[in-house]
1. Out of curiosity, is A:Gly28 modelled with pLDDT under 90, within 15 Å of ligand 2 (Cβ to nearest atom) and away from chain B (no Cβ under 14 Å)?
2. Return yes when A:Gly366 is assigned to a loop (DSSP other than H, G, I, E, B) and within 14 Å of chain B (Cβ to nearest Cβ) and no when it is not.
3. Could you give every pair whose Cβ atoms fall below 7 Å, whose first residue belongs to the stretch A:5-29 and is of a type in the set (Lys, Arg), and whose second residue is outside any loop (DSSP other than H, G, I, E, B) and more than 9 Å from ligand 2 (Cβ to nearest atom), counting only separations of at least 6 or pairs across chains?
4. Looking for whichever is assigned to a loop (DSSP other than H, G, I, E, B), more than 14 Å from every other protein chain (Cβ to nearest Cβ), touching a residue at least 12 places away in the same chain (Cβ under 8 Å) and more than 16 Å from ligand 2 (Cβ to nearest atom) here; the options are B:Ile176, B:Ile127, B:Ile133. Which one fits?
5. Residue by residue through the stretch B:198-226, note down the ones that are β-branched (Val, Ile, Thr) and free of Cβ contacts under 8 Å to residues at least 40 places away in the same chain.
6. Determine the pairs where a residue that is within 7 Å of chain A (Cβ to nearest Cβ) and on the phi > 0 side of the Ramachandran plot, located within the stretch B:548-559, has a partner that is at pLDDT 75 or above and surrounded by 19 or more Cβ atoms within 10 Å (Cβ to Cβ) with Cβ atoms under 8 Å apart, the partner being 6 or more residues away or on another chain.
7. Go through A:Glu46, A:Glu108, A:Glu92 for me and flag whichever is away from every other protein chain (no Cβ under 14 Å), surrounded by 17 or more Cβ atoms within 10 Å (Cβ to Cβ) and away from ligand 2 (no atom under 16 Å from the Cβ).
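The values are calculated or read from the model by the stated rules, or taken from the named source; none is laboratory data. The structure presented is a predicted model; accordingly, all values stated were derived computationally and were not measured. Every residue, glycine as well, gets a Cβ built from its backbone with ideal geometry; the counts of neighbours run over all protein chains shown.
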Amino acid sequence: MSCGIYIHIPFCRGKCDYCGFYSIPIGGQVDPPAVPGAYVERLLREMEERLSGLPGGETADTVFFGGGTPSLLSPLQIREIAAALNTYIGIERGAEVTLEVNPEDVTEEKLRGFIDSGITRMVLGYQTSREEFHRAIGRSTMRCDPLVLEMFCSARGFSRSVDVMVGLPGQGPVDVKEELALICRYGPEHLSVYCLTLEKNTRLASRFRGGEEFQAGQRLCMEAAMDALVAQGYCHYEISNFALPGCESRHNMKYWTFEPYIGLGPGSHSFYGGKRLSVAMPVDQYIRSDRVAVIVDPRGGNAAAVEYMMTGLRLLRGISATAMERMTGERIGEEMWRRMHELEKEGLLEVQRGGDDAIIRLTREGIFLSDWVIYRIVEDLI
Amino acid sequence: MEHIRNFSIIAHIDHGKSTLADRIIEKCRLLSPRDHIDQILDTMEIERERGITIKSNAITLDYTSRDGEHFIFNLIDTPGHVDFTYEVSRALAACEGVLLVVDASQGVEAQTIANLYLAMENNLEIIPVINKIDMPSADIDSTKKSIETSLGLDPETAVPVSAREGTGIDDLMEAIIQRIPPPRGDEREPLKALIFDSYFDKYQGAIVKVRLFEGTVKRDDDILLCATGKVYSVNEVGVFRLSLEKRDALRPGDVGYIIAGIKTVMDTKIGDTVTLADRQTVTPLKGFKDVKPMVFSGLYPVYSDEYDNLKDALYKLRLNDASLLFEPDNSFALGFGFRCGYLGLLHMEIVQERLEREFDLSLVTTAPSVEYKVHLNSGTMITIDNPVKMPDPGSIMMIEEPFVKADIITPSDYMGNIMSLVSECRGIHRHMEYIDTRRVQLHYELPLSEIVFNFYDKLKSCSRGYASFDYELIDFRESSMVKVDILVNGEPVDALSFIVHEDKARLRGKDIITRLKDIIPQHQFKIPLQAAIGSQIIARENISAHRKDVTAKCYGGDITRKRKLLEKQKEGKKRLKQVGSVEIPQEAFLTILKIG
Ligand SMILES: Nc1nc2c(ncn2[C@@H]2O[C@H](COP(=O)(O)OP(=O)(O)O)[C@@H](O)[C@H]2O)c(=O)[nH]1
Ligand code: SF4
């Protein structure tokens, strides 16, 4: 059986004003900033602890280094981690091994090092190259200027993805089109486009309240992005993801298709054996611990069906009723059909029946209201 | 009997009634610390805070006069608010005299006059007391003048005192002895006692507060309550001291209590006559009325699972407050609750406050309404106190609404403001007179429904707090009343319907939907808000659609979090009332229904 592996690196150079993640800013402490050796050592031990006991035949077909800022890892550290993974679970030949890279770490030397350590795919934390927007959201990393973008995209030997944030304070559809035009010039295989979310308890949320008009503007930005990227030949395959044909993120697809993945490191999440698990420990405690505390998320009887809808509908191709039954053991009941029919009439959902099956997907309007559409479908199950 | 004096103190609020009562009680050496007295005379926390009582309390005191003679004073404390006029009148009927307190720095106020009339109706000896003479702003001469001109009392009979400093209290005590007549009555006659209040005790049932006029009552007597016709066997009689003090018997002139295993205060109607079952009086006391509520509103728990608690709480309150009426009701928007009837606005506020504080309930109250007489085309007449029950306009021939006689006293500077306020409230000016050089008394006839809509607050604010006001129900009159419905997304929200004069329908409808607009959260679609009379729309607004969280990401770690958010959303939805496809937070009703 193939399984995804997620490695969490909860360290950053500084703290971005909009970021609601748990991550430790290490900018001032070590120079140059780096992931503490003790952390990597503990990760290796966690692999031994948690992976060596898996049923035989389990292998990893995707690995994802996320964070935080995983590009703070040195190529050597990555190699160590990959080697350990190989020992405890086995990385398949042709596996997708992704690393998120912040602009600071885009140097020819580092990129080469990452590739040599087995990285096959890199995601550039681009967000925005415009000074005023960069400042408006209080991003702590270096701004990704066009030169960095060019260097990242012209390097060879890995598959490229660029993370773009839109709907920033002061930003309009025209600005979005410009930024995307710039990126598309280099033809990365993949782009993720997110709308800025004002997370509670962040510095950004405390100084900027958003509001009705701002949200309306965010939608316009997102629509501009969708149109621009589709026009450039990208396939809009998930609400916030775009790819050239065949270049979808294999690792992330697991999240939306109910495939198993195992997360390592404090704050990471797993979906394995039909259970959702998380490692709930602060970093320092994690480093000192002998055993990682893995918490099983207590889920009600309908959780699988709810999650299947919640994740599956994010894919623009939609879900099929039979696939859902196969994956979760739950059939779509009469009440749920009724609800979906209602949403269909409101133009938010599309239900295509054929034979014994039905395909259910969000309409363009439904994409923008996805949280609400999903809530309405599953309301009865929760 | 010659040595008994039964009296009450009446005063406009804050003129010093409680302080004076303290001084009198001190003179009788019962006790001095204020907190004890609070416990005796003002029993409820809310009453203490607001400085008003809604119950009539009594205390029996011993006083030795200047000549060394021993007297018994029964001091009866009356509720201090227009809502309780009837209760006050019954408490006064238990007395031979009253101390009518006037604040020397404020002069005569509306309530002073209203109380005076009550005292006169009961043929009581009135001792005017000019209080707060210690204050630099005290104007004794002018107060005397207004006692003469607006109260029609001999100013020379007024006793000047400072209740705070104790000045003049001894003279007042002597005046009580000399001027208030002792009670009269024959011990050999059949029992005739007036119920002026009662309260509920967990163990003993209703404790009935009575004043005896004729005959005696003692343990094991079978008493008959004339209004209900029920008979009870007396367990205990006694008088009110610091606590209940048992006596062998009560005799004519006495003020005390009867305990007779009466299960609820609903059976002990204020103003009723107590007599002996086997030796009945042939002349029950006059003045008994079955009090009817004047103000009505719906009461709903914010959380539907608190319905039973609300029910229990209402039953508990009614144990001690027979004037509180309620019946189960249900609203499409607010679920299961109760329709309640109150004596007046203050009574309503007190009941609601007690439910929330003493019983820890979160409540939504619908707009207060008065009772309308609706004459139908069919020739029948129905009374309606709930807008929801108002029949279709096409079937109505004519509607009558209650009118009150309202007396307002104000410094003449604010006369203009008040006149325009009253005319806004459809008041009919009757006449006015100067009660002294600065102040006028205005007499109006006003629809009660206008008073229910915050009239008192508006009066206070347009007179900078100086105007005082008193009202009394007079009759029902034909008015062009209409029912206004509030529609949210095309669906009427029953709890928000109200009855109003047609000239004001548009304004009030607009006011409510403007407030609704701020309170109903945005939905994913546009929500029209409308106020309508029948099918005619008189005001409209829109809540624009809310475009949410356009495209947040969702990766491995977000799934559990997102699922929990869905669960939370569902949990939150339980606190929302679904009206069609619009969800209105329960709390919204609280805000909207505070009609301004
Ligand atoms: N200066 C002065 N203040 C008084 C006197 N009597 C009462 N007060 C004050 O007037 C206010 C209202 O008195 P209170 O007895 O509570 O009035 P009630 O509302 O009529 O019971 C309180 O602050 C008292 O302290 C008095 O003789 N002189
Ligand atoms: S770099 Fe990324 S994870 Fe780190 S603080 Fe900024 S946004 Fe958060």
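1. So A:Gly28 fits the description; yes.
2. no
3. So the pair list comes out as A:Arg13/A:Glu104.
4. Just a single option satisfies the conditions, and that option is B:Ile133.
5. The answer is B:Thr216, and nothing else.
6. These pairs meet every condition: B:Asp549/A:Cys195; B:Asp549/A:Thr197; B:Asp549/A:Asp371.
7. Of A:Glu46, A:Glu108, A:Glu92, the one residue that is away from every other protein chain (no Cβ under 14 Å), surrounded by 17 or more Cβ atoms within 10 Å (Cβ to Cβ) and away from ligand 2 (no atom under 16 Å from the Cβ) is A:Glu46.
Residue-by-condition table, conditions (1) in contact with a helix residue (DSSP H, G or I) (Cβ under 8 Å, 6 or more places away or on another chain); (2) within 16 Å of ligand 1 (Cβ to nearest atom); (3) at pLDDT below 90:
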{"site": "A:Cys12", "(1), (2), (3)": "yes, no, no"}
{"site": "A:Pro33", "(1), (2), (3)": "yes, no, yes"}
{"site": "A:Leu51", "(1), (2), (3)": "yes, no, no"}
{"site": "A:Asp61", "(1), (2), (3)": "yes, no, no"}
{"site": "A:Gly67", "(1), (2), (3)": "no, no, yes"}
